[in-house]
Amino acid sequence: MAQPILKAGIIAYGNIAQKYHAPLLHALPGFELTTVLERHHKKAEQDYTHVKSVSSLQAMLDDTAIDLIIITTPNQFHFAQAKAALEAGKHVVLEKPFTVSSMEAEMLMQTAETEGKLLSVFHNRRWDGDFKTVQKILETGVLGELVEFESRFDRFINYQRESYWREQNIPGAGVLYDLGPHLIDQALQLFGKPLRLYADIRKQRKDSLTDDYFDIVLYYEQFKVRLKAGNLVKELQPRFILHGTQGSFVKYGLDVQRLTPITAEKLYSQEWGKEPQEQWGTISTNINGLDCKGQVETLAGSYQSYYEDIYDSIVNGHQPIVSAQDGLNTIELIELAQLSHQKMAVLSI
């Protein structure tokens, strides 16, 4: 029996769509990228000769051949566009963050349930090689009882990017909505919801129109988790730091999948998502009085796994690995972080 083909459309064709969504859909069997909404250019038609560019959302919604719509517009448009797509009978994948508010997230979830359509958010960094490696280390218990966990994304961009919507004074802009969803979702996957939260959210650059730094502490019963991101970090900091009763693990560098253009040939090669040895993390333990230190090979990353699961979920009718509820959980913690910062207080969850 032939494999069903899901026809997909992408709303907006910016950097994220060009780098991840479009090439993944083009490379994976089971999907056919047919349509892209581009109001000012026809770049998608140049990149993929079989793709049609349209200039209006309604044109995409009216196309009965489209099964799945991926939304990569600025965050403030996520809710309205996703709701319209769901009501038009389309399955929907939203670029992170899910929505700007938890109220919007809950309304979208209700719409998806009413329409009987899949609704998910692109938390692709669950398939980062370093995150998969951290998951494995925690599962093995080699560090003993965890006491402290730190995860961070850092950049050095010491000026205001005037043409970049994520740095404008608009809903859903700023580094908390940009990088926060990745770090928060990963923490929730590892540890579940915390007991309490504290957040420090800042504009460190004097010309910043929105937040460009955050430091969030999640408190669990026996350990704490620190999530950080900033635009004024010139010296490379560890991506992950784990401390436990029997040792520590430290990992530098970001996932290598972002550096290699995605093609079907590369995606299914044995080298896809593999880090060079010099980027592997270091583990140091003391078990029964014996010190041991060495590198831990980073597991291969696999961003394709996200869309492979979306395909299986739509075709076979099961809940996707990254659910709409996961998107809501992340937005709720972002809102709580904003409130914690405003009150300068540790808040219970």
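Could you tell me the relative contact order of the range 86-239? Use alpha-carbon pairs under 8 Å, at least six residues apart, and round to a whole percent.
Numbers: 234 pairs, mean separation 38.8, N = 154.
Relative contact order of the range 86-239: 25 percent.
Largest GNM mean-square fluctuation among 188, 197, 33, using the chain with Cα springs under 10 Å: 188.
The convex hull drawn around the Cα atoms of the range 202-349, when projected onto a plane and averaged over every direction, covers 13.9 nm². Look at the dipole of the chain built from charges on Cβ: of 210, 12, 135, the Cα furthest out on the positive end belongs to 210. Here the range 90-159 and the range 20-65 have alpha carbon centers that stand 25 Å from each other. Short-range pairs are left out: with C-alpha atoms under 8 Å and at least six residues apart, the relative contact order of the range 197-324 is 14 percent.
The order of 348, 102 by accessible area, most exposed first and with a 1.4 Å probe, is 348, 102. A DSSP coil position with no more than 16 other Cβ atoms inside 10 Å describes the following trypsin sites (Lys or Arg not before Pro) in the range 105-155: 155. Quick one: pull the percent of accessible area on the chain belonging to carbon and sulfur, 1.4 Å probe, ligands and nucleic acids left out. Solvent-exposed carbon and sulfur of the chain make up 49 percent of the total. Under a Gaussian network description of the chain, with springs only between Cα atoms under 10 Å, the residue in 140, 282, 245 that fluctuates furthest is 140. In this structure the range 106-227 gives 44 Å² per residue of accessible area when probed at 1.4 Å with all protein chains present. For trypsin sites (Lys or Arg not before Pro), the sites in the range 223-303 that DSSP calls loop and that have at most 13 other Cβ atoms within 10 Å are 234. In the elastic network of the chain, a GNM with C-alpha springs shorter than 10 Å, the most mobile of 310, 262, 170 is 170.
Sparsely packed loop sites in the range 222-320 (the GluC sites (Glu not before Pro) outside DSSP H, G, I, E and B with at most 14 other Cβ atoms within 10 Å) comprise 235, 271, 297.
A Stokes-Einstein calculation at 25 °C with viscosity 0.890 mPa s, built on the Kirkwood radius of the range 97-183 over Cα pairs, returns a diffusion coefficient of 149 µm²/s.
Using bins 20 angstrom wide from zero, how does P(r) for the chain break down, in % of all Cα pairs? Histogramming the chain at 20 Å steps yields 28, 59, 13, 0 percent. Lys/Arg Cβ at +1, Asp/Glu Cβ at -1, dipole of the range 135-261 taken about the Cα centre: which of 198, 177, 223 is farthest positive-ward? Of 198, 177, 223, it is 177. For residue 312, the accessible surface of its heavy atoms amounts to roughly 60 Å² (probe 1.4 Å, protein chains only, rounded to the nearest 10). Take the alpha carbon atoms of the range 230-286, find their radius of gyration, then divide it by 2.2 N^0.38 Å using N residues; give the quotient. The reported ratio for this selection is 1.47. With 5 Å bins beginning at zero, the pair-distance distribution over Cα atoms of the range 130-170 amounts to 5, 15, 17, 14, 8, 8, 12, 11, 9, 1 %.
Computed from Cα atoms, the angle from the helix 180-191 axis to the main principal axis of the chain rounds to 60 degrees.
Rounded, prolate or oblate: which fits the range 15-77 when a ≥ b ≥ c are the square roots of the eigenvalues of the alpha-carbon gyration tensor, with rounded for a/c under 1.5 and prolate only if a/b beats b/c? Judged from the Cα gyration tensor, the range 15-77 comes out rounded (a/c under 1.5). Rounding to the nearest 10 and keeping the result within 0 to 90°, find how far the Cα-based axis of helix 129-140 lies from the longest principal axis of the chain. Roughly 50 degrees between the two axes. With 30 Å as the limit, write out which pairs from 117/274; 83/274; 7/228; 96/136 have Cα-Cα distances beyond it, or answer none. Correct reply: 117/274; 83/274; 7/228.
Dipole of the chain, Cα-centred, from +1 at each Lys and Arg C-beta and -1 at each Asp and Glu C-beta, to the nearest 20 debye? Could you put the intermediate results ahead of the total?
Details: 35 positive and 44 negative charges, 147 e Å.
Here the size comes out at about 700 debye.
For residue 68, the shell of other residues with beta-carbons less than 9 Å away shows a net charge of +1, using +1 for Lys and Arg and -1 for Asp and Glu. Using a cut-off of 15 Å between beta-carbons, work out the net charge of the residues near residue 221 (Lys and Arg +1, Asp and Glu -1, residue 221 not included). Charge balance near residue 221 sits at +1. Residue ranking by accessible heavy-atom surface, 1.4 Å probe, largest first, among 150, 45 comes out as 45, 150. Other residues whose C-beta falls under 12 angstrom from the C-beta of residue 190 contribute a net charge of +2, scoring Lys and Arg +1 and Asp and Glu -1.
The values are calculated or read from the model by the stated rules, or taken from the named source; none is laboratory data. This is a predicted model, so every value here is computed, not measured. Don't worry about glycine lacking a Cβ; one is built from the backbone with ideal geometry, like all the others, and counts go over all protein chains shown. Please note that ligands, DNA and RNA were not included when accessible areas were found on the heavy atoms of the full protein model with its side chains. Shrake-Rupley method; radii C 1.70, N 1.55, O 1.52, S 1.80 Å.
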